[in-house]
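Report on the structure given below.
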Amino acid sequence: MNSSRRRSTRLWAALLPILAIPLLAACYPDNPQSTFDAVGPVAKSQLNLFYWIFWAAVFVFVVVGGILMWITLRFRRKPGDPDPAQTHGNTPLEIGWTIAPALVLVVIAVPTVLTIFDNLNSPDPDALTIDVVGHQWWFEFRYPHPDGNGDAVVTANELHIPVGEVVNVNLDSKDVLHSFWIPKLAGKVDLVPGNENFMWIQADEPGEYLGQCAEFCGEAHALMKFRVVAESRSEFDAWLTAEAAPAQDPVDPLAQQGKALFEGGKAQCWSCHTVAGSSKSRGQTGPDLTHVWNRGHIAAGVIENNQRNLRQWIEDPQSIKQGTIMFRDAKIYSDPERKLTDADVAALVAYLQTLK
Ligand SMILES: [Cu+2]
């Protein structure tokens, strides 16, 4: 080996472990979006299927690779060897290598089909059913009203579910294809406009699980996230009751001013956002803001919900989420006459902080 070849070999030997670090880090079991840390029956069945297929593939690899290596070594040509005997066709061998892969396919297909049907058919069709609607670039969640009056309780980007219970999920989209994915709870199912899909989920442990849109849906696709909060039945019931209540009228003067702006002709927030209890704010383009201050994050899980971030979101949503429809379509960002002053933003934020 000449010295430059040796040097490049050594370079690779040093570089490879470094290149492997991101790969190994991606597999870290505590990763919040790891499918290897399955926390519910759906995710567990999918993980088991993965392992089943993985080991079937390992089996095929070892057998095929092993035979190949053995043949290569055993029948390799040695110096002075004459031409080998020529043969054409070998019926038993050909039948064998047709049946063997067919058996491998059966071993893979049977559990695959069983898992697909298990995941598709809810074990409890009467359990809590939530409608998920995908929007560019956020998630709408609709719950049946706790009073059973047929109304929907609408919220966004933070999905609360009772822990240890089956939850049925209807999936739909307002605009383009999206995909609903909570890696620790269930594999992705697409949100298809005009063609409702279904899945069921169950979280076996309380906690927060990250979710993510998993079907490229435009500019801000990577920033279309959500959170699942799995909590005890009583906590969940209390949450749903609170969400079902209309917003209270603000008493603080600054917040009152913010409400007037929100519902006024200059800012026109009402045209895209609903605040239950307000007769004016009935917009459907953006997330329901009736209880926005109760949510941990805004802008589809991208930033924490606090006073400073709300300010920044209203002042310049584009700086948080490139491409967002709020920036694209709200007149306050394109019409200099409507541009919000610092005082306007402060009043709007004060109003939003009363929506809890
Ligand atoms: Cu997407």
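Things worth noting here:
- Sum of -39500 (n - 2.57) over DSSP H runs of 4+, divided by residues of the chain (222 nm, nearest 500): -13000 deg cm²/dmol
- Computed extension gain for Leu24 through Ile71, at 0.36 nm per residue and net of the alpha carbon distance, reaches 13.4 nm.
- Gyration tensor (alpha-carbon) shape descriptor, the range 36-120, a/c threshold 1.5: oblate
- Per-residue Cβ neighbour counts within 10 Å put Leu19, Leu355 in the sequence Leu19, Leu355, beginning with the fewest.
- The range 41-93 and the range 329-356 have Cα centres lying 66 Å from one another.
- ³J(HN,Hα) computed for each position of the range 333-345 - Karplus, 6.51 cos²θ - 1.76 cosθ + 1.60, integer Hz, glycine/proline x: 8, 10, 9, x, 5, 9, 3, 6, 7, 4, 5, 4, 4
- Close Lys pairs in the range 253-352 (alpha-carbon distance under 20 Å; sequence gap of 8 or more, or different chains): 10.
- Across the range 214-231, rounded Karplus estimates of 3J(HN,Hα) from the backbone phi angles (6.51 cos²θ - 1.76 cosθ + 1.60, θ = phi - 60°) give 10, 9, 3, 10, x, 3, 9, 3, 5, 9, 9, 10, 7, 10, 10, 10, 9, 9 Hz, Gly and Pro being marked x.
- The string of couplings for the range 190-199 from the Karplus curve (6.51, -1.76, 1.60, θ = phi - 60°) is 6, 9, 10, x, x, 8, 5, 9, 9, 8 Hz, one whole number per residue in order, with x for Gly and Pro.
- For the range 97-150 versus the range 220-246, the gap between their alpha-carbon centres in whole angstrom: 21 Å
- Cα gyration tensor shape of the chain, rounded if a/c is under 1.5, else prolate or oblate by comparing a/b with b/c: prolate
- Global geometry of the range 220-327, whether rounded, prolate or oblate, following the gyration tensor of its Cα atoms and the 1.5 cut on a/c: oblate
- Bridgeable lysines around Lys184 (alpha carbons under 21 Å apart, same-chain partners fewer than 8 residues away excluded): Lys44, Lys225.
- For the range 66-94, the residues whose amide N sits under 19 Å from a probe point set 7 Å from the Cα of Ala100 along the beta carbon direction are 66-76, 88-94.
- Gained length - Asp147 relative to Gln256, 0.36 nm times residue gap less alpha-carbon distance: 36.2 nm
- When Ser173, Ser122, Ser8, Ser34 are arranged by Cβ crowding within 10 Å, least crowded first, meaning fewest neighbours, the order is Ser8, Ser34, Ser122, Ser173.
Coordinate-derived values only; no laboratory data. Because the structure is predicted, anything quoted here is derived from the model rather than measured. A quick note on method: Cβ atoms are made from the backbone with ideal geometry, for glycine too, and the neighbour counts reach across all protein chains shown.
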